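K.L.:
Dropping the structure in here first, questions after.
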Amino acid sequence: MTHTTILLEQTTRWLEQVVIDLNLCPFARAPHAKGLVYIHACPAPTFEEAIDQILDQLDELLKLSSSERSTTLCVIPNALLDFDDFLDAIDTLEYILETSHADQLIQIAHFHPDYTFENTDPDDVSNYTNRSPAPIIHLIRAEEVADAITSTPRIHDIPENNINTLKDLGLTHMKNLLTSIKDQQTPS
């Protein structure tokens, strides 16, 4: 099994066992169940190449209808391992989206193995709302975000609810869950 295949399987397990099963994103279950979530490995070795590969995936997403592909998770195993580099990539992508007006079509969310919110301790369990097996840039159709906002009462409570869920589970549980996701082997 190749490193890329393992990484894609880990990301799928993370999506299912963390994002969906813990209900961290109440909008993820339906598109995943319908096969509309595309997980793509962007193996770029450099920052610039990673940005290019993510933008290629953005173009691919926009060429398809939402009934063909709802969203894309770009998994970046090589170039953005340092969390500060990752944050620089987010800033770069957001700038590109804004200046090209593509932010009217696509929004991004982001996840990283070392994700640490500003003013939190690295071991604060709240960081696990955005921790993943590898760096991930999530390309989301803006229209779907808008639909979610208008159709979900108390949508602004989701981040606090997520933190409370993780606090209830505890730091050890979350560390063990991510470790088990990385350690699981999919039968051949």
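The values are calculated or read from the model by the stated rules, or taken from the named source; none is laboratory data. These figures come from a predicted structure and were not determined experimentally. Quick reminder, even Gly has a Cβ in these numbers, built from the backbone with ideal geometry, and neighbours come from all protein chains shown.
Residue by residue, here is whether (1) surrounded by 14 or more Cβ atoms within 10 Å (Cβ to Cβ); (2) aromatic (Phe, Trp, Tyr); (3) part of a helix (DSSP H, G or I) holds:
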{"residue": "24", "(1), (2), (3)": "yes, no, no"}
{"residue": "27", "(1), (2), (3)": "yes, yes, no"}
{"residue": "43", "(1), (2), (3)": "yes, no, no"}
{"residue": "51", "(1), (2), (3)": "yes, no, yes"}
{"residue": "80", "(1), (2), (3)": "yes, no, no"}
{"residue": "84", "(1), (2), (3)": "no, no, yes"}
{"residue": "89", "(1), (2), (3)": "yes, no, yes"}
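K.L.:
Also, I was wondering about something else. Out of (1) crowded, with 19+ Cβ neighbours inside 10 Å; (2) in contact (Cβ under 8 Å) with a residue 40 or more places away in the chain, the odd one out for residue 3 is which?
P.N.:
(1)
K.L.:
Also, quick follow-up: Is it the case that some residue within the range 117-126 is under 13 Å from the mean Cα position of the chain (by Cα) and not in a helix (DSSP H, G or I)?
P.N.:
No, there is no match, as no residue in the range 117-126 is under 13 Å from the mean Cα position of the chain (by Cα) and not in a helix (DSSP H, G or I).
K.L.:
Here's a follow-up. I'd like the residue in the range 147-184 that is outside any helix (DSSP H, G or I) and over 17 Å from residue 132 (Cα atoms) and, out of all such residues, is modelled with the highest pLDDT.
P.N.:
154
K.L.:
Does the range 141-163 contain any residue that is charged (D, E, K, R), farther than 25 Å from residue 64 by Cα and either in contact (Cβ under 8 Å) with a residue 60 or more places away in the chain or surrounded by 14 or more Cβ atoms within 10 Å (Cβ to Cβ) (or both)?
P.N.:
Within the range 141-163, none of the residues are charged (D, E, K, R), farther than 25 Å from residue 64 by Cα and either in contact (Cβ under 8 Å) with a residue 60 or more places away in the chain or surrounded by 14 or more Cβ atoms within 10 Å (Cβ to Cβ) (or both).
K.L.:
So residue 61 fits all but one of (1) touching a Leu at 6+ places or on another chain (Cβ under 7 Å); (2) surrounded by fewer than 18 Cβ atoms within 10 Å (Cβ to Cβ); what number is the exception?
P.N.:
(2)
K.L.:
If you go through the range 53-75, how many residues are of a type in the set (D, E, K, R) and outside any helix (DSSP H, G or I)?
P.N.:
Count: 2.
K.L.:
Another question, if that's okay. Kindly indicate whether residue 109 is surrounded by fewer than 16 Cβ atoms within 10 Å (Cβ to Cβ), assigned to a helix (DSSP H, G or I) and of a type in the set (A, V, I, L, M).
P.N.:
The answer is no for residue 109.
K.L.:
Restricted to the range 164-185, and to residues that are among the β-branched types (Val, Ile, Thr) and surrounded by fewer than 12 Cβ atoms within 10 Å (Cβ to Cβ), which residue is nearest to residue 3 (Cα to Cα)?
P.N.:
So the residue we want is 179.
K.L.:
Being out of contact with any strand residue (DSSP E or B) (no Cβ under 8 Å at 6 or more places or on another chain), touching a residue at least 12 places away in the same chain (Cβ under 8 Å) and farther than 26 Å from residue 13 by Cβ is the requirement here; does residue 123 meet it?
P.N.:
So residue 123 does not fit the description; no.
K.L.:
How many of the residues in the range 3-23 are modelled with pLDDT under 95 and farther than 24 Å from residue 82 by Cβ?
P.N.:
Residues meeting the conditions: 2.
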